[in-house]
Amino acid sequence: MPEHHLFEYAVVRVVPRVEREEFINVGVILFCSKLKFLQCIFTVDQERLQAFCKFLDVDALAGNLQAFKNICEGNAQGGPIGKLDAASRFRWLTATRSTVVQASKVHPGFTADPQATLIRLHAELVL
């Protein structure tokens, strides 16, 4: 039987008008410390987003999501935050903020395969 490891995840949301607190889920970020796993996955449905907020700048949103992904992956384009260890990057990305791209509260779980769990959560919570 495969060993199950504690993981944490958050749903990534687009909040076009922060003052209204309305959002659309566009992605999931998942962190498993034991397996040194930190990844995110996004799906941007432009038609759905435009129906939700016709003034949303989808190109700017794509740039914001790419910055989120760069930090998550810890690559050079992630800037100073991208240079932090995986746990610190996860905590920074999931910190409460009032911006167009936000993360939900962090939720825990157990998994033997964090990649499969990330894909499953994305399908359940975003698609």
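Just so you know, all these numbers are worked out from the coordinates, no wet-lab data involved. Not measured: the values here are computed from a predicted model. Cβ coordinates were reconstructed from backbone atoms using ideal geometry, including for glycine residues, and neighbour counts include every protein chain displayed.
In the condition set (1) out of contact with any Ser or Thr (no Cβ under 7 Å at 6 or more places or on another chain); (2) surrounded by 15 or more Cβ atoms within 10 Å (Cβ to Cβ); (3) closer than 26 Å to residue 109 by Cα, residue 7 is compliant with all but (1). Filtered by the rule that a residue be in contact with a strand residue (DSSP E or B) (Cβ under 7 Å, 6 or more places away or on another chain) and either without any contact (Cβ under 8 Å) to a residue 40 or more places away in the chain or on the phi > 0 side of the Ramachandran plot (or both), region 6-26 gives a lone residue, 24. Pairing each residue of region 58-80 that is more than 15 Å from residue 15 (Cα to Cα) and in contact (Cβ under 8 Å) with a residue 60 or more places away in the chain with any residue that is in a helix (DSSP H, G or I) and not aliphatic (A, V, I, L, M), provided the two are 6+ apart or on different chains, yields no C-beta distance under 9 Å.
Of all the numbered requirements in (1) over 15 Å from the mean Cα position of the chain (by Cα); (2) surrounded by fewer than 17 Cβ atoms within 10 Å (Cβ to Cβ), residue 16 misses one, and that requirement is (2).
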